[in-house]
Amino acid sequence: MNSYSRLFIIGFITILFTSCQTYNVSLTYSPASIGQRIQKGSPVIKIGSINDVRKLRGAEIGKIRNEFGIAIKTISAKRPIAEITKTAFAHALQSRNLLNEDTAKYVLNADILEFQCNQYSTQNAECRIRVHVYNIKSGRLVFSQYFYATRTKVSPNVTYWSKVDEIAGVASEALQETIDRAVDDPGLRKALR
């Protein structure tokens, strides 16, 4: 058997045993603590619809690839991304004393345009959300803006030993930063007065 045939067989076996597996991960949002510097407000806003309009399907958030760029692990959230984002917005607004689900004057709607994480040589996560705030009484749009965050982390574990929980942590940080930027935005706070 010549060396080309052996190389082909080894390559074929490698691809055969590197089939992509799906892993479900938890994504977290840590509400601002008392010690953190956050601007408190009046409870005047409730959360409306959060729409997942990403190119990824369902709860998928990304892939881990081996040295050859072949996807070996698919990462999905344990719950729908829209539900996770809605919970994160609720925690963010509540920790800033802005949430009022009963007698709110404003409603916050959001579109998740991008939320993904990938690992090849580094762990990367991106999140982009479009936020709309409406006056409930008049139905008038009072605030609309995009918010974006990206996170990168160098990981010594690059292939089969890559830990999906590590990259889920990077994704959670990107989601948290995006939501914190939205609820702390001066334009949003001004619109709520």
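General observations
- Qualifying positions in region 101-122 - hydroxyl-bearing (Ser, Thr, Tyr), at pLDDT 90 or above and either under 30 Å from residue 155 (Cα atoms) or not in a strand (DSSP E or B) (or both): 103
- Filter result for residue 129 (modelled with pLDDT of 90 or more and in a strand (DSSP E or B)): yes
- Taking (1) of a type in the set (Ser, Thr, Tyr); (2) within 20 Å of residue 63 (Cα to Cα); (3) at pLDDT 95 or above in turn, residue 155 satisfies each apart from (3).
- The residue of region 53-110 that is surrounded by the most Cβ atoms within 10 Å (Cβ to Cβ), among those that are under 23 Å from residue 142 (Cα atoms) and charged (D, E, K, R), is 96.
- Across region 103-134, the number of residues qualifying as farther than 21 Å from residue 151 by Cβ, touching a residue at least 40 places away in the same chain (Cβ under 8 Å) and not hydrophobic (A, V, I, L, M, F, W, C) comes to 4.
- Filter result (hydrophobic (A, V, I, L, M, F, W, C), in a loop (DSSP other than H, G, I, E, B) and closer than 15 Å to residue 183 by Cα) within region 40-92: 44
The values are calculated or read from the model by the stated rules, or taken from the named source; none is laboratory data. Only a predicted model underlies this, so the values are computations on that prediction, with no experimental measurement involved. Every residue, glycine as well, gets a Cβ built from its backbone with ideal geometry; the counts of neighbours run over all protein chains shown.
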